[in-house]
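First the structure, in the form of structure tokens, and then the observations on it.
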Amino acid sequence: NFAHQVFPSTWVLYTSYRYQWSTGQIGASLALVGLMAAVVQGLLARRIIPALGERRAIVIGLCNATLFMSLYGVATQGWMVYVLLVVGSFGSIAMPAIQGLISRSVPPNEQGAVQGSLSSLSSVAGIIAPPVTTGLFGYFVSPRAPVQLPGVAFFFGSALIFCALLLALRSFRKQPTTGQNA
């Protein structure tokens, strides 16, 4: 969640700075994000996750998100971003797979506590991440930066997602695989 806060925090700043996008172009890209979220999370995730299994869906989703978060930071042309948004949206299968895996790992009487904890962590990320990601963006486009790197917030997000991937893989090694979670 922390890594994905780079989008609402810096998207308008980044695309305006990097590609000189108008408000119409920014709005079109955000509309595409919404459409792809509806398609992937609303329609495809319920087919993809059972077909892959939760663990594979998590690994594939986090690998996708790690790669595409970096690609947003290096895309040199605005049209590339639209392609990245479509293909990169498949990384969003990781979150419902993670939530499903977590919810099955606790007894029914602890579901509320677990879901509340996840929601609280998401809220904390929503508070802390925006000043961090906008601060990174602001510094690395300023004249005092050692190198101009407008995509730095996306690279930071990619690094965080990669760390989440490593933690997931470590967790999978410690927990035995069941048929449903394979």
- Query: Within region 87-120, can you find the residues that are outside any helix (DSSP H, G or I), of a type outside the set (A, V, I, L, M) and either within 21 Å of Gly53 (Cβ to Cβ) or within 16 Å of the chain's Cα centre (by Cα) (or both)?
  - Reply: Ser105
- Looking at (1) open to solvent by 50 Å² or more (accessible area, probe 1.4 Å); (2) not in a helix (DSSP H, G or I), which is the one condition that is false for Tyr82? (2)
- Message: Can you find, within region 29-43, the residue that is modelled with the lowest pLDDT among those that are open to solvent by less than 50 Å² (accessible area, probe 1.4 Å) and farther than 23 Å from Gly157 by Cα?
- Response: Gly42
- Message: Given the condition open to solvent by less than 80 Å² (accessible area, probe 1.4 Å), among the polar types (S, T, N, Q) and in contact with a Gly (Cβ under 9 Å, 6 or more places away or on another chain), answer yes or no: does some residue in region 154-173 qualify?
- Response: yes
- Have a look at Arg18, Arg46, Arg56 and point out the one that is of a type in the set (Lys, Arg), at pLDDT 95 or above and more than 16 Å from Gly151 (Cβ to Cβ). Arg56
- Task: With respect to Ile26, determine if the residue is surrounded by 15 or more Cβ atoms within 10 Å (Cβ to Cβ), without any contact (Cβ under 8 Å) to a residue 24 or more places away in the chain and touching a helix residue (DSSP H, G or I) at 6+ places or on another chain (Cβ under 9 Å).
- Result: yes
- Task: Would you mind finding the one in Thr76, Thr66, Thr134 that is out of contact with any strand residue (DSSP E or B) (no Cβ under 6 Å at 6 or more places or on another chain), within 21 Å of Arg18 (Cα to Cα) and part of a loop (DSSP other than H, G, I, E, B)?
- Result: Thr76
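One line per residue, one yes/no per condition, for (1) modelled with pLDDT under 95; (2) touching a His at 6+ places or on another chain (Cβ under 7 Å); (3) under 26 Å from Gly24 (Cα atoms):
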| position | (1), (2), (3) |
| --- | --- |
| Gly61 | no, no, no |
| Leu71 | no, no, yes |
| Val81 | no, no, yes |
| Leu101 | yes, no, no |
| Glu110 | yes, no, no |
| Val114 | yes, no, no |
| Ser119 | yes, no, no |
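Residue-by-condition table, conditions (1) out of contact with any His (no Cβ under 6 Å at 6 or more places or on another chain); (2) assigned to a helix (DSSP H, G or I); (3) modelled with pLDDT under 95:
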site: Tyr139; (1), (2), (3): yes, yes, no
site: Pro143; (1), (2), (3): yes, no, no
site: Gln148; (1), (2), (3): yes, no, no
site: Phe154; (1), (2), (3): yes, yes, no
site: Ala159; (1), (2), (3): yes, yes, no
site: Phe162; (1), (2), (3): yes, yes, no
site: Leu165; (1), (2), (3): yes, yes, no
site: Leu169; (1), (2), (3): yes, yes, no
site: Thr177; (1), (2), (3): yes, no, yes
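The values are calculated or read from the model by the stated rules, or taken from the named source; none is laboratory data. Just so it is clear, the structure is predicted and the values come from calculations on it, not from any experiment. Ideal geometry is used to build each Cβ from the backbone, glycine not excepted, and the neighbour counts take in all protein chains shown. When the accessible area is computed, the model is the full protein with side chains, heavy atoms only, and any ligands, DNA or RNA have been set aside. Shrake-Rupley method; radii C 1.70, N 1.55, O 1.52, S 1.80 Å.
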